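**Student:** Encoded as structure tokens, here's the structure I'll be asking about.
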DNA sequence: AATCTAATTGATAATTTATTTCATTAAGGT
DNA sequence: ACCTTAATGAAATAAATTATCAATTAGATT
């Protein structure tokens, strides 16, 4: 549910003492509504449609902030090529990335929770979140090669 | 075993038809011998000690190539902060990253293999490799906060 | 509703990072 | 030893990211 995603993100911002500004709302809205996994350029272009005055420094700052707050996730498609997605409350998934065409597919099964607490015990780290990305060829690129 | 790591990387280069040049050897050696997980700056500085004439374009090109060939792995410590490690034959592990001090700790348990083939069946992707990174606070940073 | 204060913004400049270009070098096959 | 072509390194160029700072605005306080 998009509305929940937006609300959760906004509340997290306020909870941590950050102001809910126009640019931030626009960025959150754009991310929540985008089904694909846009990169920075796409986000910038997309936001400008709704909020033409936004500067690129603000976008950098805001994405950095959302990542910091663990509201946003970055998916590494290639070296120095990140794509973004807003975290949805109650949802947990990971990504398959095509090494050829950079298509991203989500998959729901996550086996990390089974070993998470053991790793915490052994390493004494307190784990806050995790990312798993699997790389390979999508069906189309398998056919092409 | 460092020698095996170096040999495996070199053989993979040759196998794919790339030349085994001085700069490439120097970079592979440096990466194989470094116990920590160096970033680009550290690698550049480290290589220059052994191979002073190396240019930075060559380092960029070589790291890109090694990543492409799946010999090298990049660990995302923060947005736009990558650290590198050469893959060791027969070894498989993942990383814990401290969100505060960026310390990296390896852990051996990987639960992905159990679900990998199911994901391949369901998604029709052919998976070549995967990366898992867990983020949290290291013991020291927990104590500080 | 008007006021206040500090966080936030956006334009620009400055900086850092990454890529392209191209003449020169050297790897590896013959 | 030679030959062909990939690879290198220096420099130029381009692209990405961050810092600066006056102007704006969110949200608390009256």
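The values are calculated or read from the model by the stated rules, or taken from the named source; none is laboratory data. Given the structure is predicted, the values throughout are model-derived calculations rather than measurements. Don't worry about glycine lacking a Cβ; one is built from the backbone with ideal geometry, like all the others, and counts go over all protein chains shown.
**Student:** Inspect region B:57-77 for any residue being in contact (Cβ under 8 Å) with a residue 40 or more places away in the chain, in contact with a strand residue (DSSP E or B) (Cβ under 9 Å, 6 or more places away or on another chain), under 30 Å from residue A:114 (Cα atoms) and more than 13 Å from chain A (Cβ to nearest Cβ) and give the result as yes or no.
**Tutor:** Within region B:57-77, one or more residues are in contact (Cβ under 8 Å) with a residue 40 or more places away in the chain, in contact with a strand residue (DSSP E or B) (Cβ under 9 Å, 6 or more places away or on another chain), under 30 Å from residue A:114 (Cα atoms) and more than 13 Å from chain A (Cβ to nearest Cβ).
**Student:** Output the residues belonging to region A:83-121 that are more than 23 Å from residue B:127 (Cα to Cα), surrounded by fewer than 13 Cβ atoms within 10 Å (Cβ to Cβ) and more than 18 Å from the chain's Cα centre (by Cα).
**Tutor:** A:117, A:118, A:121
**Student:** Which of the residues that make up region B:14-26 are more than 8 Å from DNA strand D (Cβ to nearest atom) and either touching a residue at least 24 places away in the same chain (Cβ under 8 Å) or outside the structural domain of residue B:75 (by TED's automatic domain parsing) (or both)?
**Tutor:** Taking region B:14-26 as the starting set, the residues that turn out to be more than 8 Å from DNA strand D (Cβ to nearest atom) are B:14-16, B:20, B:25-26.
If the condition is that a residue be more than 8 Å from DNA strand D (Cβ to nearest atom) and either touching a residue at least 24 places away in the same chain (Cβ under 8 Å) or outside the structural domain of residue B:75 (by TED's automatic domain parsing) (or both), then B:16, B:26 are the ones that fit.
**Student:** Let me ask something else. Could you grab the pairs with beta carbons closer than 7 Å, sequence gap of 6+ or different chains, first residue in region B:122-145 and facing chain A (nearest Cβ under 7 Å) and over 30 Å from residue B:71 (Cβ atoms), second one part of a strand (DSSP E or B) and modelled with pLDDT of 95 or more?
**Tutor:** B:137/A:126; B:137/B:98; B:142/A:126
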